[in-house]
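Take a look at the structure below.
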Amino acid sequence: MRKQYATLKDVAQRAGTSTATVSYVLNNSKQRYISEEMRHTVQEAAEALNYIKCGGASSLRGKSRKMIAVLVPQFENQFFTRIVLAIERVFDEFGYILTICNTFEDASREMDILKRLQQQRMDGYIVTPTRDGALNTKQLRQLGVPMVVVDRPLEGVDDYYGVSTWNYRCGRLAADHLLDKGHRNIAFVGWDSGLTHLTERKSAFVDACLERGISREKLVMIDGAFTSDEGYRITEKVLRVHPDVTAIIYGFNIQAKGGIKRLMEENIDIPQDMSIVLIGSPEWATAGRNSFTHVEMGDYELGYKAANLLLEIINREGHVPPTHLVQECTLVEGRSVKER
């Protein structure tokens, strides 16, 4: 499956003019006079063809540059670091170079990065999208540029290639484990991401509790920003406002780091005073004397599968049907949960 970028010649043919005129218009050159009518015609033709200026040396249609773009929203998050490492290992074997970009969960930054990368004629993209990822990747999809979406979906879009972990299952494993251990006053600390796919972790927590006869009114669920400081603040609130809570599920490992710091400052013994389960597997969770019960999401496997799927799309002749790979998660028991 090969991308087909429009060239200056394509735009010139559609506009009924020369490539030189098209170049002058698209580069906003004032070196020669071009009528406003012709400028408008050229711009319309370029827009209709999804023309993107090529900023690299390899401007020939269909020519591989052996370059892959990887966009992640939180490179400091070990989950995404491992995904990138797996992707790089796969593509290294085939002589590709990665361009790795951090969007910082900023949709406008994501759009700007994608526009600039398209000028470099990347052979393919692996993207963990922001909440506006569907809009920002629209042009790539219209052009048929090989792209795999990893960890999160493109909201409202069906015909794309994706690899993700079963988020609902992650939340369910965490909740069921605590409920099986006899806990009934459980707090869920989550991230107000605006991404429906990620809220499935909290939905699973709610379903598990309701099925065990715990009323919705008794559920403690607090969402906040995706930072360690926010995990610290929310945990402090749980301790102050809900002193009857005996267990906390941290839906995201970045928040968990701050939350556990707050528990330690209060000299709260884990698990004697508070049981903890976190979703994700940061190194600190099992480093040294730490032994936190956590849900392993298979981050490295996500990167490996995404890379191999993208290679298949790039190398296969003809159309590759849209594929969505959803992998399982597993509960890893540590010493952070007490049976009640």
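Bear in mind these aren't lab numbers, they're just calculated from the coordinates by the rules spelled out. All figures in this text were calculated on a predicted structure; none of them were measured in a lab. In this analysis, Cβ positions are derived from the backbone assuming ideal geometry, glycine residues included, and neighbour counts consider all displayed protein chains.
Given the condition buried (at least 24 other Cβ atoms within 10 Å of the Cβ), among the polar types (S, T, N, Q) and either in a loop (DSSP other than H, G, I, E, B) or without any contact (Cβ under 8 Å) to a residue 40 or more places away in the chain (or both), answer yes or no: does some residue in region 173-192 qualify?
No; the residues of region 173-192 include none that is buried (at least 24 other Cβ atoms within 10 Å of the Cβ), among the polar types (S, T, N, Q) and either in a loop (DSSP other than H, G, I, E, B) or without any contact (Cβ under 8 Å) to a residue 40 or more places away in the chain (or both).
Any idea how many residues of region 286-314 are over 20 Å from Phe80 (Cα atoms), surrounded by 13 or more Cβ atoms within 10 Å (Cβ to Cβ) and not hydrophobic (A, V, I, L, M, F, W, C)?
Here the count works out to 4.
Do we find a residue being within 18 Å of the chain's Cα centre (by Cα) and surrounded by fewer than 20 Cβ atoms within 10 Å (Cβ to Cβ) anywhere in region 143-150?
The first filter runs over region 143-150 and keeps only residues within 18 Å of the chain's Cα centre (by Cα), leaving 146-150.
After this cut, where a residue has to be surrounded by fewer than 20 Cβ atoms within 10 Å (Cβ to Cβ) as well, the list is none.
Checking region 143-150: not a single residue is within 18 Å of the chain's Cα centre (by Cα) and surrounded by fewer than 20 Cβ atoms within 10 Å (Cβ to Cβ).
Considering each residue of region 258-293, count those that are assigned to a helix (DSSP H, G or I) and touching a strand residue (DSSP E or B) at 6+ places or on another chain (Cβ under 9 Å), and give that number. Talk me through it step by step, then tell me what you get.
Going through region 258-293, the residues assigned to a helix (DSSP H, G or I) turn out to be 258-265, 283-286.
Within this subset, residues satisfying the condition of being touching a strand residue (DSSP E or B) at 6+ places or on another chain (Cβ under 9 Å) are 259-260, 263, 285-286.
Final tally of qualifying residues: 5.
For residues that are over 22 Å from Met297 (Cα atoms) and without any contact (Cβ under 8 Å) to a residue 60 or more places away in the chain, scanning just region 78-99, find the one that is surrounded by the most Cβ atoms within 10 Å (Cβ to Cβ).
Out of the qualifying residues, it is Tyr96.
Val320: touching a helix residue (DSSP H, G or I) at 6+ places or on another chain (Cβ under 8 Å), among the aliphatic types (A, V, I, L, M) and crowded, with 20+ Cβ neighbours inside 10 Å, yes or no?
Against the criterion (touching a helix residue (DSSP H, G or I) at 6+ places or on another chain (Cβ under 8 Å), among the aliphatic types (A, V, I, L, M) and crowded, with 20+ Cβ neighbours inside 10 Å), Val320 does not qualify.
Does region 129-160 hold any residues that are touching a Gly at 6+ places or on another chain (Cβ under 9 Å) and within 20 Å of Ile314 (Cα to Cα), and which are they?
Val145, Pro146, Met147, Val148, Val149, Val150
Identify all residues within region 289-303 that are more than 15 Å from the chain's Cα centre (by Cα) and either acidic (Asp, Glu) or under 21 Å from Pro153 (Cα atoms) (or both); write none if there are none.
The first filter runs over region 289-303 and keeps only residues more than 15 Å from the chain's Cα centre (by Cα), leaving 289-296.
Correct list: Val295, Glu296.
Which one is surrounded by the most Cβ atoms within 10 Å (Cβ to Cβ) among residues in region 151-161 that are farther than 20 Å from Gln118 by Cα and within 14 Å of the chain's Cα centre (by Cα)? Write out each step before concluding.
To start, the set of residues in region 151-161 that are farther than 20 Å from Gln118 by Cα comprises 151-153, 155-159.
Narrowing the set further to residues that are within 14 Å of the chain's Cα centre (by Cα) leaves 151-153, 155.
Details: Asp151: 25, Arg152: 21, Pro153: 19, Glu155: 15.
Here the residue is Asp151.
For region 208-226, give me the residue count where each residue is assigned to a helix (DSSP H, G or I), of a type outside the set (A, V, I, L, M) and surrounded by fewer than 16 Cβ atoms within 10 Å (Cβ to Cβ).
Step one: list which residues in region 208-226 are assigned to a helix (DSSP H, G or I), which gives 208-211, 216-218.
Now narrow it down to the ones that are of a type outside the set (A, V, I, L, M): 209, 211, 216-218.
Checking which are surrounded by fewer than 16 Cβ atoms within 10 Å (Cβ to Cβ) leaves us with 211, 216-218.
Number of matching residues: 4.
Within region 104-118, track down each residue that is in contact with a Pro (Cβ under 8 Å, 6 or more places away or on another chain) and either within 15 Å of Leu135 (Cα to Cα) or in contact (Cβ under 8 Å) with a residue 40 or more places away in the chain (or both).
Pass one, region 104-118, residues in contact with a Pro (Cβ under 8 Å, 6 or more places away or on another chain): 104-105, 110.
Once the filter is applied, which keeps residues that are in contact with a Pro (Cβ under 8 Å, 6 or more places away or on another chain) and either within 15 Å of Leu135 (Cα to Cα) or in contact (Cβ under 8 Å) with a residue 40 or more places away in the chain (or both), region 104-118 yields Glu105, Glu110.
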